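Before any comments, here is the structure.
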Amino acid sequence: MTLHRQPVSTDIRGQMILLGTGTSVGVPAIGCGCDVCRSTNVRNQRTRCSAVLGLPAGNLLVDTSPDLRQQLLREQIGIIHAVLYTHEHADHVFGLDDLRLMQFYLGGPVPLFCEDRVEQRIRKSYDYAFRTGQDLHKGAVPQLVFRRIATEPFEVLGAKVTPVRMRHGKQFDVLGFRFGNVAYCTDVNTIPPESMTQLSGLDVLVLDALRPRGHATHFSLDEAIDVARQLAPKQTYFTHMSHELEHEATNAALPDGMDLAYDGLRIALT
Ligand SMILES: [Zn+2]
Ligand SMILES: [Zn+2]
Ligand SMILES: [Zn+2]
(Lines give C-alpha, C1' and ligand atoms only; values in the text may rest on other atoms or scores of the structure.)
(Ligands and ions follow the chains in the order given, each with its own letter.)
Protein backbone atom coordinates (compact mmCIF):
# COMPACT_ATOMS: atom_id res chain seq x y z
CA MET A 1 0.00 0.00 0.00
CA THR A 2 1.26 3.46 -0.85
CA LEU A 3 1.32 5.97 1.94
CA HIS A 4 -0.05 9.33 0.92
CA ARG A 5 0.39 12.70 2.55
CA GLN A 6 -2.52 13.30 4.91
CA PRO A 7 -4.35 16.55 4.19
CA VAL A 8 -6.04 18.52 6.96
CA SER A 9 -9.71 18.63 6.04
CA THR A 10 -13.09 19.24 7.69
CA ASP A 11 -15.59 16.37 7.62
CA ILE A 12 -18.48 17.63 5.48
CA ARG A 13 -20.29 14.32 4.94
CA GLY A 14 -24.03 14.75 4.45
CA GLN A 15 -23.74 18.37 3.36
CA MET A 16 -23.52 20.44 0.21
CA ILE A 17 -21.64 23.70 0.68
CA LEU A 18 -22.14 26.52 -1.81
CA LEU A 19 -18.54 27.65 -2.28
CA GLY A 20 -19.43 30.54 -4.58
CA THR A 21 -22.74 32.16 -5.57
CA GLY A 22 -21.64 35.02 -7.83
CA THR A 23 -21.93 35.60 -11.54
CA SER A 24 -18.95 35.26 -13.89
CA VAL A 25 -17.19 38.50 -12.86
CA GLY A 26 -17.90 38.00 -9.16
CA VAL A 27 -19.31 40.51 -6.65
CA PRO A 28 -17.82 43.01 -6.00
CA ALA A 29 -17.07 43.51 -9.69
CA ILE A 30 -13.68 45.04 -10.47
CA GLY A 31 -13.96 48.82 -10.77
CA CYS A 32 -17.63 49.01 -9.74
CA GLY A 33 -18.66 51.62 -7.20
CA CYS A 34 -22.30 50.57 -6.74
CA ASP A 35 -23.79 50.09 -3.27
CA VAL A 36 -23.73 46.28 -3.47
CA CYS A 37 -20.11 46.15 -4.66
CA ARG A 38 -19.11 48.50 -1.83
CA SER A 39 -21.26 46.74 0.79
CA THR A 40 -19.51 45.44 3.91
CA ASN A 41 -22.20 42.76 4.36
CA VAL A 42 -20.39 39.49 3.54
CA ARG A 43 -23.58 38.17 1.95
CA ASN A 44 -23.06 40.77 -0.79
CA GLN A 45 -19.60 39.35 -1.52
CA ARG A 46 -19.92 36.52 -3.99
CA THR A 47 -17.13 34.42 -5.43
CA ARG A 48 -17.62 32.52 -8.67
CA CYS A 49 -20.17 29.65 -8.73
CA SER A 50 -19.17 26.31 -7.31
CA ALA A 51 -20.34 23.76 -4.74
CA VAL A 52 -18.84 20.85 -2.85
CA LEU A 53 -20.67 17.78 -1.56
CA GLY A 54 -19.60 15.54 1.29
CA LEU A 55 -20.55 12.12 -0.12
CA PRO A 56 -20.11 8.74 1.65
CA ALA A 57 -16.74 8.04 0.00
CA GLY A 58 -15.32 11.56 -0.34
CA ASN A 59 -15.70 15.18 -1.40
CA LEU A 60 -17.23 15.90 -4.80
CA LEU A 61 -16.56 19.36 -6.23
CA VAL A 62 -19.01 20.81 -8.75
CA ASP A 63 -16.99 23.01 -11.16
CA THR A 64 -13.53 24.51 -10.58
CA SER A 65 -14.12 28.25 -10.29
CA PRO A 66 -11.31 30.81 -10.64
CA ASP A 67 -11.78 31.39 -6.87
CA LEU A 68 -11.27 27.72 -6.01
CA ARG A 69 -8.19 28.08 -3.82
CA GLN A 70 -9.75 30.83 -1.73
CA GLN A 71 -13.03 28.86 -1.44
CA LEU A 72 -11.42 25.61 -0.22
CA LEU A 73 -9.22 27.49 2.27
CA ARG A 74 -12.23 29.43 3.57
CA GLU A 75 -14.24 26.24 4.19
CA GLN A 76 -11.16 24.32 5.43
CA ILE A 77 -11.65 21.60 2.85
CA GLY A 78 -8.25 20.02 2.25
CA ILE A 79 -9.11 17.27 -0.18
CA ILE A 80 -11.24 16.89 -3.30
CA HIS A 81 -11.80 13.30 -4.45
CA ALA A 82 -13.57 14.02 -7.76
CA VAL A 83 -14.93 16.90 -9.85
CA LEU A 84 -18.24 17.14 -11.70
CA TYR A 85 -18.71 19.81 -14.39
CA THR A 86 -21.89 21.64 -15.36
CA HIS A 87 -20.34 23.20 -18.48
CA GLU A 88 -17.09 24.67 -19.79
CA HIS A 89 -17.48 28.43 -19.35
CA ALA A 90 -14.41 30.17 -17.94
CA ASP A 91 -16.02 31.01 -14.59
CA HIS A 92 -16.68 27.27 -14.03
CA VAL A 93 -13.34 25.86 -15.17
CA PHE A 94 -10.36 28.13 -14.67
CA GLY A 95 -9.46 27.25 -11.08
CA LEU A 96 -8.55 23.73 -12.17
CA ASP A 97 -4.79 24.13 -11.70
CA ASP A 98 -5.43 24.58 -7.96
CA LEU A 99 -6.11 20.83 -7.78
CA ARG A 100 -2.40 20.11 -8.35
CA LEU A 101 -1.87 19.10 -4.71
CA MET A 102 -4.58 16.43 -4.85
CA GLN A 103 -2.29 13.91 -6.58
CA PHE A 104 -0.32 13.72 -3.32
CA TYR A 105 -3.42 13.25 -1.18
CA LEU A 106 -5.22 10.84 -3.53
CA GLY A 107 -2.14 8.95 -4.66
CA GLY A 108 -3.24 9.41 -8.26
CA PRO A 109 -5.13 11.63 -10.69
CA VAL A 110 -8.31 13.54 -9.89
CA PRO A 111 -11.29 12.10 -11.80
CA LEU A 112 -13.16 14.75 -13.80
CA PHE A 113 -16.75 13.75 -14.60
CA CYS A 114 -17.91 15.76 -17.63
CA GLU A 115 -19.35 15.83 -21.12
CA ASP A 116 -17.17 15.76 -24.23
CA ARG A 117 -17.26 19.54 -24.80
CA VAL A 118 -15.96 20.20 -21.31
CA GLU A 119 -13.17 17.65 -21.78
CA GLN A 120 -12.11 19.29 -25.07
CA ARG A 121 -12.01 22.74 -23.42
CA ILE A 122 -9.91 21.42 -20.52
CA ARG A 123 -7.52 19.49 -22.82
CA LYS A 124 -6.99 22.68 -24.85
CA SER A 125 -6.70 25.17 -21.98
CA TYR A 126 -4.61 22.87 -19.78
CA ASP A 127 -2.56 21.23 -22.54
CA TYR A 128 0.51 21.26 -20.28
CA ALA A 129 -1.22 18.79 -17.94
CA PHE A 130 -1.61 16.20 -20.71
CA ARG A 131 1.78 16.47 -22.45
CA THR A 132 3.91 13.36 -22.12
CA GLY A 133 7.70 13.17 -21.96
CA GLN A 134 8.10 16.42 -20.04
CA ASP A 135 10.94 16.77 -17.58
CA LEU A 136 8.85 18.00 -14.66
CA HIS A 137 8.96 17.57 -10.91
CA LYS A 138 6.02 15.70 -9.38
CA GLY A 139 3.22 18.14 -8.63
CA ALA A 140 4.26 20.65 -11.31
CA VAL A 141 1.06 20.01 -13.24
CA PRO A 142 -2.36 18.70 -12.16
CA GLN A 143 -2.87 14.94 -12.62
CA LEU A 144 -6.28 14.46 -14.16
CA VAL A 145 -8.35 11.63 -15.62
CA PHE A 146 -11.60 12.06 -17.54
CA ARG A 147 -14.82 10.16 -16.84
CA ARG A 148 -17.39 10.75 -19.57
CA ILE A 149 -20.96 11.40 -18.48
CA ALA A 150 -24.20 11.96 -20.36
CA THR A 151 -27.75 12.22 -19.06
CA GLU A 152 -27.86 8.71 -17.56
CA PRO A 153 -27.56 8.52 -13.76
CA PHE A 154 -24.19 7.30 -12.47
CA GLU A 155 -22.42 6.54 -9.20
CA VAL A 156 -19.60 8.56 -7.74
CA LEU A 157 -18.05 8.38 -4.26
CA GLY A 158 -20.83 6.11 -3.01
CA ALA A 159 -23.72 8.28 -4.18
CA LYS A 160 -26.06 8.36 -7.17
CA VAL A 161 -25.97 11.43 -9.39
CA THR A 162 -28.69 12.17 -11.94
CA PRO A 163 -27.63 14.66 -14.63
CA VAL A 164 -30.46 16.91 -15.80
CA ARG A 165 -30.30 18.52 -19.24
CA MET A 166 -30.79 22.30 -19.28
CA ARG A 167 -30.32 25.16 -21.76
CA HIS A 168 -27.95 28.08 -21.11
CA GLY A 169 -28.96 30.31 -24.02
CA LYS A 170 -30.54 29.16 -27.27
CA GLN A 171 -27.77 26.88 -28.51
CA PHE A 172 -25.85 25.86 -25.45
CA ASP A 173 -26.57 22.77 -23.35
CA VAL A 174 -25.44 22.38 -19.76
CA LEU A 175 -26.07 19.87 -17.01
CA GLY A 176 -27.81 20.38 -13.71
CA PHE A 177 -27.48 17.60 -11.15
CA ARG A 178 -29.83 15.86 -8.77
CA PHE A 179 -28.34 14.20 -5.69
CA GLY A 180 -31.16 12.45 -3.82
CA ASN A 181 -33.67 15.19 -3.03
CA VAL A 182 -31.27 18.08 -3.57
CA ALA A 183 -30.62 19.60 -7.01
CA TYR A 184 -27.98 22.05 -8.23
CA CYS A 185 -28.97 23.93 -11.40
CA THR A 186 -26.80 26.89 -12.34
CA ASP A 187 -26.23 28.66 -15.68
CA VAL A 188 -29.66 27.98 -17.15
CA ASN A 189 -32.43 29.96 -18.81
CA THR A 190 -34.62 27.11 -20.06
CA ILE A 191 -35.48 23.79 -18.43
CA PRO A 192 -37.07 21.38 -20.95
CA PRO A 193 -40.32 19.64 -19.83
CA GLU A 194 -38.68 16.20 -19.37
CA SER A 195 -36.04 17.80 -17.14
CA MET A 196 -38.72 19.56 -15.10
CA THR A 197 -40.16 16.09 -14.42
CA GLN A 198 -36.75 14.92 -13.18
CA LEU A 199 -36.74 17.80 -10.70
CA SER A 200 -40.05 17.04 -9.01
CA GLY A 201 -40.35 16.22 -5.30
CA LEU A 202 -37.19 18.04 -4.22
CA ASP A 203 -36.35 19.11 -0.69
CA VAL A 204 -33.88 21.74 -1.89
CA LEU A 205 -33.35 23.34 -5.30
CA VAL A 206 -30.37 25.60 -6.02
CA LEU A 207 -31.25 27.63 -9.11
CA ASP A 208 -29.68 30.31 -11.34
CA ALA A 209 -31.12 33.83 -10.84
CA LEU A 210 -28.80 36.43 -12.34
CA ARG A 211 -30.53 39.75 -11.79
CA PRO A 212 -33.93 41.49 -11.93
CA ARG A 213 -33.75 42.18 -15.69
CA GLY A 214 -33.96 39.45 -18.32
CA HIS A 215 -30.82 37.96 -19.86
CA ALA A 216 -30.06 35.85 -22.94
CA THR A 217 -28.47 32.94 -21.08
CA HIS A 218 -29.57 33.12 -17.42
CA PHE A 219 -32.90 33.16 -15.58
CA SER A 220 -33.88 36.57 -14.24
CA LEU A 221 -35.06 36.58 -10.64
CA ASP A 222 -38.75 36.57 -11.67
CA GLU A 223 -38.19 33.73 -14.13
CA ALA A 224 -36.40 31.73 -11.45
CA ILE A 225 -39.21 32.37 -8.96
CA ASP A 226 -41.68 31.12 -11.56
CA VAL A 227 -39.69 27.89 -12.10
CA ALA A 228 -39.39 27.40 -8.32
CA ARG A 229 -43.17 27.79 -8.01
CA GLN A 230 -43.72 25.14 -10.70
CA LEU A 231 -41.26 22.66 -9.19
CA ALA A 232 -42.39 23.42 -5.63
CA PRO A 233 -39.37 22.13 -3.69
CA LYS A 234 -39.51 22.64 0.08
CA GLN A 235 -36.76 25.27 -0.22
CA THR A 236 -35.17 27.12 -3.14
CA TYR A 237 -31.88 29.03 -3.03
CA PHE A 238 -30.93 31.35 -5.87
CA THR A 239 -27.34 31.51 -7.09
CA HIS A 240 -25.07 32.93 -9.87
CA MET A 241 -26.14 36.42 -8.78
CA SER A 242 -24.88 39.74 -10.10
CA HIS A 243 -24.35 42.96 -8.16
CA GLU A 244 -27.91 43.99 -9.08
CA LEU A 245 -29.27 41.80 -6.27
CA GLU A 246 -28.66 43.32 -2.84
CA HIS A 247 -28.88 40.42 -0.40
CA GLU A 248 -31.03 41.74 2.45
CA ALA A 249 -33.55 43.81 0.48
CA THR A 250 -34.01 41.19 -2.25
CA ASN A 251 -34.28 38.34 0.23
CA ALA A 252 -36.92 40.13 2.31
CA ALA A 253 -39.16 40.45 -0.76
CA LEU A 254 -38.96 36.80 -1.86
CA PRO A 255 -41.88 34.36 -1.48
CA ASP A 256 -41.85 31.84 1.40
CA GLY A 257 -39.48 28.93 0.85
CA MET A 258 -37.22 30.98 -1.43
CA ASP A 259 -34.01 32.73 -0.42
CA LEU A 260 -30.89 34.12 -1.99
CA ALA A 261 -27.95 31.81 -1.45
CA TYR A 262 -24.63 33.11 -0.15
CA ASP A 263 -21.06 31.91 -0.12
CA GLY A 264 -20.60 29.25 2.55
CA LEU A 265 -24.29 28.27 2.75
CA ARG A 266 -24.61 24.66 3.96
CA ILE A 267 -27.45 22.47 2.74
CA ALA A 268 -28.24 19.04 4.20
CA LEU A 269 -28.16 16.23 1.62
CA THR A 270 -31.42 14.28 1.83
ZN1 LIG B 1 -21.38 30.90 -14.93
ZN1 LIG C 1 -21.45 46.86 -8.56
ZN1 LIG D 1 -22.06 29.69 -18.09
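The values are calculated or read from the model by the stated rules, or taken from the named source; none is laboratory data. Everything numeric in this text was worked out from a predicted model, so none of it was measured. Note that each Cβ is placed from the backbone with ideal geometry, even for glycine, and that neighbours are counted across all protein chains shown. Note: accessible area is taken over every heavy atom of the protein model, side chains too, but ligands, DNA and RNA are not part of it. Shrake-Rupley method; radii C 1.70, N 1.55, O 1.52, S 1.80 Å.
Can you list, bin by bin at 10 Å, the percent of alpha carbon pairs in segment 1-71, starting at 0?
Percent of Cα pairs in each bin: 18, 38, 27, 13, 4, 1.
Using all Cα-Cα distances in the chain, what percent lands in each 5 angstrom bin from 0 up to the longest?
It works out to 1, 6, 13, 18, 20, 17, 12, 7, 4, 2, 1, 0, in whole percents.
So how far apart, in nm, are the two label points at Arg213 and Arg165 if each is 7 Å from Cα heading toward Cβ?
3.2 nm
Find how many whole Å separate the alpha carbon centroid of segment 1-40 from the alpha carbon centroid of segment 49-80.
8 Å
I need the trypsin sites (Lys or Arg not before Pro) found in segment 136-179, filtered to DSSP loop residues with at most 15 other beta carbons within 10 Å of theirs.
Lys138, Lys170
Tell me, what is the percent relative contact order of the chain, built from C-alpha pairs under 8 Å that lie six or more residues apart?
Worked out over the chain, it gives 20 percent.
How do Phe177, Phe172 stack up against each other in accessible area, from largest to smallest, with a 1.4 angstrom probe?
Phe172, Phe177
State the answer as a single residue: which of Gln103, Gln76, Val118 lies farthest towards the positive end of the charge dipole of segment 21-154, with beta carbon charges of +1 for Lys and Arg and -1 for Asp and Glu, about the Cα centre.
Towards the positive end, the residue furthest out is Gln76.
Rounded to the nearest 5, what % of DSSP beta bridges with both residues in segment 1-145 are antiparallel?
The antiparallel fraction comes to roughly 55 percent.
Considering only the chain, what is the antiparallel percent among its DSSP beta bridges, to the nearest 5?
If I count the DSSP bridges inside the chain, around 50 percent turn out antiparallel.
Over all Cα pairs of segment 184-270, how is the pair count split among 5 Å bins, expressed in % and running from 0 up to the last occupied bin?
Calculated over all Cα pairs of segment 184-270, the distribution is 3, 15, 29, 27, 19, 7, 1 percent.
Accessible area of the chain with a 1.4 Å probe: how many percent of it is carbon plus sulfur?
Roughly 50 percent of what the probe reaches on the chain is carbon or sulfur.
Hey, any idea what Rg/Rh is for segment 91-161, computing Rh the Kirkwood way over Cα pairs?
0.98
Using only Cα atoms, tell me the angle between helix 221-231 and the longest principal axis of the chain; keep it within 0 to 90° and round to the nearest 10.
Computed tilt is about 80 degrees.
Roughly how tilted is helix 116-125, in degrees to the nearest 10 and between 0 and 90, from the longest Cα axis of the chain?
That helix lies at roughly 60 degrees to the long axis.
Please find, in a Gaussian network model of the chain (springs between Cα atoms separated by less than 10 Å), the residue of Leu210, Leu73, Leu18 whose mean-square fluctuation is greatest.
Leu73
In percent, how large is the relative contact order of segment 91-177, given Cα pairs closer than 8 Å and 6 or more residues apart?
Value for segment 91-177: 27 percent.
Out of Ala183, Leu245, Leu260, whose Cα points farthest toward the positive end of the dipole of segment 131-270 (charges: +1 Lys, Arg; -1 Asp, Glu; placed on Cβ)?
The listed residue farthest towards the positive side: Ala183.
Taking only protein heavy atoms into account and a 1.4 Å probe, give the accessible area per residue of segment 44-147 in Å².
Computed with neighbouring chains in place, this is 40 Å² per residue.
Please enumerate, by chain and number, the lysines with C-alpha under 25 Å from the C-alpha of Lys170, excluding those fewer than 8 residues away in the same chain.
Lys124
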